[in-house]
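Nothing in this text is a laboratory measurement; each read-out follows from the coordinates by a stated rule. Quick caveat: nothing in here was measured; it's all calculated off a predicted structure. Glycine also receives a Cβ, built like all others from the backbone with ideal geometry; neighbour counts cover every protein chain displayed.
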2 protein chains.
Amino acid sequence: MKWYLETGPEGSVVISTRIRLARNIADIPFPCRMTKEQSAEVIERARAALFGSDLSGKFDFIDMQKLTPARAMSLSEKHLISPEFAANREGRGLFLSKDESVSIMINEEDHIRIQVMLPGMQLEQALKQADYIDDQFDEKLKYAFDENLGYLTQCPTNLGTGLRASLMLHLPALEESGALNNFIAAVSKLGLVMRGTYGEGSRVNGSFYQLSNQVTLGISEKQAIDDLTAVAKQLINQELEAREAYRKTGAVFEDKVWRSFGVLKNAHILSTEECMSLISNVRLGATMKIIDIPLEILNEIISEVQPSTLIASAGRNLDSKQRDELRAKIVREKLVGL
Amino acid sequence: MKWYLETGPEGSVVISTRIRLARNIADIPFPCRMTKEQSAEVIERARAALFGSDLSGKFDFIDMQKLTPARAMSLSEKHLISPEFAANREGRGLFLSKDESVSIMINEEDHIRIQVMLPGMQLEQALKQADYIDDQFDEKLKYAFDENLGYLTQCPTNLGTGLRASLMLHLPALEESGALNNFIAAVSKLGLVMRGTYGEGSRVNGSFYQLSNQVTLGISEKQAIDDLTAVAKQLINQELEAREAYRKTGAVFEDKVWRSFGVLKNAHILSTEECMSLISNVRLGATMKIIDIPLEILNEIISEVQPSTLIASAGRNLDSKQRDELRAKIVREKLVGL
């Protein structure tokens with residue numbers, strides 16, 4: 001089963017945890033300065049390292065050059081790779097675990113980017129998994145590492161631990177109450193950053209936010225995780241309180257949840273934006289027992305209705321109108337019997 | 001069964017037919033000039049005439065003074081009496097048939113107003129029924145009648161036949177296409193009038209329109225009915241053509257119908273205006289086999305969700321918010337299993 005079809009700890013607010021480690025091989029230039037041959041060599045050495053370890057059977061290797069643009073973008077929509085990695089696929093490779101919880105980008109901004117995703121709030125567990133994978137590479141490859149700076153990365157913002165830890169949070173009640181903007185401003189003063197997970201630019205689709213650490217230099221992995229956890233716990237509590245306040249509006253709240261469900265279940269045209277917003281409302285209702293619908297189904301819908309994922313699964317190009325119709329059809333099918 | 005729970009001929013466009021005859025008793029002044037004693041006398045003479053006829057067992061007599069304002073307004077919302085008759089109930093009485101298809105207002109603007117409503121397009125049938133009732137009164141009472149003018153009525157616009165024939169039409173596609181305003185202008189030149197059936201002032205709720213004759217003087221009952229029928233047939237054809245054109249929009253049309261159904265079935269707050277608009281969309285979809293839902297259920301909902309009808313059935317006063325919640329609850333219950 002794909003990791004994102006499950007819910008994890010604090011699942012009513014925390015959709016998922018993501019850990020990313022940035023690593024580079026010492027005797028090869030950073031990707032932006034590599035020759036073709038060097039990029040092929042990085043892929044070969046990474047393959048040898050991973051497939052020579054006890055993790056061998058758990059991963060598939062994907063030659064990015066062989067993917068269609070839609071399939072590559074679909075991986076990006078699932079947060080398995082970066083949009084930039086999807087757009088420029090030459091000389092790049094990807095290791096993907098069967099359950100899609102672990103993805104290792106080769107020759108993205110850095111030679112190796114190890115990413116682990118788990119449902120719910122599981123920062124320590126995800127870091128442990130990432131560290132184990134990191135150890136396998138470390139045994140076979142000589143990492144670019146400096147006694148004072150730590151892991152060397154192409155972009156200075158990743159120097160040190162090379163760790164980016166993120167939580168995907170569902171914060172509809174804080175958004176509705178208007179308190180969210182204050183939180184966004186506050187977390188930035190604590191060395192963290194919060195931004196929308198879906199949607200382009202400043203438009204946030206469906207109240208899904210990503211909270212990440214920013215500081216990688218002069219701080220241990222553990223400290224980074226602890227700081228993020230402390231802030232996340234506060235956000236979770238505030239969101240849960242705001243939900244209870246929202247519940248007190250009675251019919252107003254129920255109306256929003258049930259209407260959203262009614263439209264999702266019956267619409268024949270759904271834009272990504274509207275779909276995410278409706279799912280957000282239904283998810284909120286489900287976590288508050290207003291409506292009986294498994295969160296896993298909502299997670300599944302979210303993962304399947306993103307634009308490029310739709311095109312990839314249709315196997316042919318779809319314009320915006322066709323996507324909106326297919327999206328509505330998929331959603332209706334997922335909700336049959338509910 | 002109440003008449004409005006059935007559908008009749010041309011039921012996809014014509015919701016109902018209404019015939020109204022205005023009559024006055026010769027030796028008693030018009031209602032606006034009557035004494036209390038005279039209004040009581042009109043009621044007594046009408047009772048004696050009707051209950052002395054073979055229609056006796058078919059009617060209940062309602063002393064309007066004994067009704068609560070909400071119950072009276074509810075009768076008006078069902079088009080059984082005029083809003084003015086509901087508002088001022090002193091010295092007024094109502095005969096109502098068990099199936100609510102016939103209502104006879106005593107001491108409205110005229111002494112006697114006979115009204116027959118039937119589902120679908122049934123002008124001749126409704127006129128026949130009204131004429132039969134008219135004959136029963138005519139046998140016992142001396143009507144105010146002038147050889148040249150015909151039946152005398154308080155308002156000169158009813159002089160002559162005293163007949164007002166109306167069709168309640170559902171014209172969502174003509175409304176959507178923007179062609180409706182031209183029709184409204186055109187019918188007025190043909191001695192007819194078309195206006196919204198639900199909603200106040202110029203706001204029309206749910207694309208329901210009433211088409212009525214205006215001319216009562218120098219024209220026979222038959223001619224009035226024939227003129228109305230000819231125009232109605234044209235309107236029906238135009239509406240059906242517009243619906244087929246609308247069907248060609250495919251998903252756009254289906255989306256509108258199904259979303260409306262989804263919201264109706266799930267909302268916890270529904271204003272009269274939104275409710276009528278959603279029902280209008282679903283009704284359109286049902287007549288075009290986009291959605292399988294009996295028109296009778298939609299007719300039933302329309303009759304039950306009007307503001308005063310809600311208050312009357314709740315048996316206590318409800319503010320606008322409470323009505324919107326009760327309305328949504330009733331609609332959800334009616335749509336269970338659909």
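The mean number of partner chain beta-carbon atoms within 10 angstrom of a residue's beta-carbon across peptide A:316-327 is 1. Dipole of chain B computed with +1 at Lys/Arg Cβ and -1 at Asp/Glu Cβ about the Cα centre; of B:ILE236, B:GLN154, B:LEU127, farthest Cα towards the positive end is B:ILE236. Against chain B, whose longest principal axis comes from its Cα atoms, helix B:320-334 is set at around 70 degrees.
Sorted from closest to farthest, the other copies place their B:PRO9 label points 7.5 nm away, with each point set 7 Å from Cα along Cα→Cβ.
Spin-label model, A:THR35/B:GLN234: points 7 Å from Cα along the beta carbon direction are separated by 8.6 nm. Against the main long axis of the alpha-carbon atoms of chain B, helix B:180-189 sits at an angle near 20°.
Give me the log10 of I(q) over I(0) for region B:251-334 at q = 0.25, 0.27 Å⁻¹, as the Debye formula computes it from C-alpha points; what are the numbers? Log10 of I(q)/I(0), two decimals: -1.18, -1.33. Take the Cα of B:GLU147, step 7 Å toward its Cβ, do the same at A:LYS248, and the gap between the two points is 8.1 nm.
What FRET efficiency do you get for A:LYS189 and A:ALA48 if R0 is 51 Å and r is their Cβ-Cβ distance, rounded to the nearest 0.05?
Rounded to the nearest 0.05, the efficiency is 0.70.
Counting other Cβ atoms within 10 Å as a rough exposure proxy, the listed residues B:ASP146, A:ASP255, B:ASP99 run B:ASP146, B:ASP99, A:ASP255 from fewest neighbours to most. Chain A's nearest residue to the axis relating it to B, judged by Cβ and reported with the distance in whole Å, is A:GLY262, 2. Checked against a 29 Å cut-off, the cross-linked pairs A:LYS256/B:LYS256; B:LYS78/B:LYS321; B:LYS78/B:LYS128; A:LYS2/A:LYS189; A:LYS78/B:LYS248 give Cα-Cα distances beyond that limit for A:LYS2/A:LYS189; A:LYS78/B:LYS248.
Just the number: Rg to Rh for region A:68-156, Cα atoms, Kirkwood Rh, two decimals. Result for region A:68-156 is an Rg/Rh of 0.98.
Hydrodynamic estimate: the Kirkwood radius of region A:159-279 over Cα pairs, inserted into Stokes-Einstein at 20 °C and 1.002 mPa s, corresponds to D of 134 µm²/s. Taking Cα atoms only, the orientation of helix A:251-266 departs from the longest principal axis of chain A by about 70 degrees. Our compactness index for the protein assembly as shown, the C-alpha radius of gyration over the empirical 2.2 N^0.38 Å, is 1.37. Shown for A:GLY250: label points 7 Å from Cα along the beta-carbon vector, and their distances to the equivalent points in the other copies, 4.6 nm in ascending order. With a Förster radius of 41 Å applied to the beta-carbon distance between B:GLN223 and A:VAL336, the computed FRET efficiency rounds to 0.15.
Among the trypsin sites (Lys or Arg not before Pro) in region B:240-338, those located in a DSSP loop and surrounded by at most 16 other Cβ atoms within 10 Å of their own Cβ are B:LYS248, B:LYS289, B:ARG316. Note on chain A: percent of Cα-Cα distances in each 10 Å bin, starting at 0 and stopping at the bin with the largest distance, equals 5, 25, 32, 24, 11, 3, 0. For A:ASP60, the label point sits 7 Å beyond Cα toward Cβ; its separations from the matching points on the remaining copies run 7.1 nm, from shortest to longest.
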